[in-house]
Amino acid sequence: MDYEFIQVERQGAVTTVTLNRPEVMNALHIPMHQELQAAFDDFADDDQQQVCIVTGAGERAFCAGSDLKAVAAGARGGYPRSGYGGLVERFDLDKPVIAAVNGVCLGGGFELALACDLIIAAQSASFGLPEPRVGGIALGGGVHRLVRQIGQKKAMGLLLTGRRISSAEASDLGLVNEVAPDGGALAAAQRWAALILECAPLSIRATKEAALRGLDEPSLADAMKRQAGYPAYVRWAKSEDRLEGSRAFAEKRPPSWKFR
């Protein structure tokens, strides 16, 4: 489909989704949410697309969050079925998603990044959930993901102050996988995507699913017991690719993944 507020590019097995409203620091409004839902639907449904990179147009912002001016002007409409940005409640997506963060990453923008599996940040990037400062709450997953990803005390220190942190501090907290030079976040994210693509796609999907669903199990023992019933695990277990890696190693050749 044709998009007005985002850009979607496919290079090989990598889909790059660019938030494209740089004049408002890529802030999200209802039409943009709907476009993101469609773009992530397409990525999820295309078996040949293995990794998604999400970034923002321009160097000023990844995403400044919700477009409050549009809200104040009376814009109406709900979020799409997969939640804020078509991503934060997409709990069945077993393909990796990487956030390439340039500039500010605030509010709903930070929630989008938290919903990704990896975050690559430019040196001058900054992060925060300032919703309480404008009378709101970070209900797009922010209050829940932050506590789970960095621990209660560190998360509460950010949630209850709404303060902004640098990419260096975000890295120290374990939120960022790599701090790249300014202007280099997307290239670094592409490098991480290339490393992921060296692995068997069905193995990657089963790994992501097991890791995330396992967090919801009551115990480690339960997670290990039940992982064999997870859908991506079942698909991997029955696949030709499960044995291809060992065959390729024995035959001293690169593996040829068949996605089946």
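Bear in mind these aren't lab numbers, they're just calculated from the coordinates by the rules spelled out. Just so it is clear, the model here is predicted, and its values are computed rather than measured. Backbone-built Cβ (ideal geometry, glycine too); neighbour counts: all protein chains shown.
What separates the Cα centres of the range 150-225 and the range 95-144 is a distance of 12 Å. Phi angles across the range 158-170 convert, under the Karplus curve 6.51 cos²θ - 1.76 cosθ + 1.60 with θ = phi - 60°, into 3J(HN,Hα) values of 8, 5, 8, 10, x, 6, 9, 10, 7, 5, 5, 5, 4 Hz, Gly and Pro given as x. Once you order the gyration tensor axes a ≥ b ≥ c over the Cα atoms, which shape class does the range 177-247 get: rounded for a/c under 1.5, otherwise prolate or oblate by comparing a/b with b/c? Here the range 177-247 falls in the oblate category.
The charge dipole of the range 201-250, taken about its Cα centre with unit charges on the Cβ of Lys, Arg, Asp and Glu (plus for the first two, minus for the last two), comes to roughly 100 debye.
Residue 53 sits among other residues whose Cβ lies under 12 Å from its own Cβ, and their net charge, with Lys and Arg +1 and Asp and Glu -1, is +1. Dipole magnitude for the range 10-94: about 480 debye, using +1 per Lys or Arg Cβ and -1 per Asp or Glu Cβ, origin at the Cα centre.
Placing +1 on each Lys and Arg Cβ and -1 on each Asp and Glu Cβ, with no other charges, gives the chain a dipole about its Cα centre of roughly 640 debye. Relative to the longest principal axis of the Cα atoms of the chain, the long axis of helix 201-215 lies at roughly 60 degrees.
Qualifying GluC sites (Glu not before Pro) in the range 171-229, where qualification requires a DSSP coil assignment and no more than 11 other C-beta atoms within 10 Å, comprise 198.
Within the chain, antiparallel bridges make up roughly 25 percent of the DSSP beta bridges whose residues both belong there. Residue by residue, the range 50-66 carries 3J(HN,Hα) couplings of 9, 9, 10, 10, 10, 8, x, 6, x, 9, 6, 7, 6, 6, 8, x, 6 Hz when phi is fed to the Karplus relation 6.51 cos²θ - 1.76 cosθ + 1.60 (θ = phi - 60°); x denotes Gly or Pro. Where only DSSP H runs of four or more residues are counted, the chain gives -11500 deg cm²/dmol as its mean residue ellipticity at 222 nm, each run worth -39500 (n - 2.57).
For the range 6-197, what does the alpha-carbon gyration tensor say about shape, rounded, prolate or oblate, given a ≥ b ≥ c as the root eigenvalues, a/c under 1.5 as rounded, and a/b over b/c as prolate? Verdict is rounded for the range 6-197. Among the trypsin sites (Lys or Arg not before Pro) in the range 104-164, none is located in a DSSP loop while being surrounded by at most 11 other Cβ atoms within 10 Å of its own Cβ.
How far is helix 241-250 tilted, in degrees, relative to the longest principal axis of the Cα atoms in the chain, given as a value from 0 to 90 rounded to the nearest 10? Once rounded, one gets 60 degrees.
Once the Cα atoms of helix 30-45 and of the chain are each reduced to a long axis, what angle between those two axes, in degrees from 0 to 90 to the nearest 10, is obtained? Between helix and principal axis, roughly 10 degrees. Classification of the range 98-248 by its C-alpha gyration tensor yields an oblate form. The axis ratio a/c (a ≥ b ≥ c) is 1.5 or more, and b/c is at least a/b.
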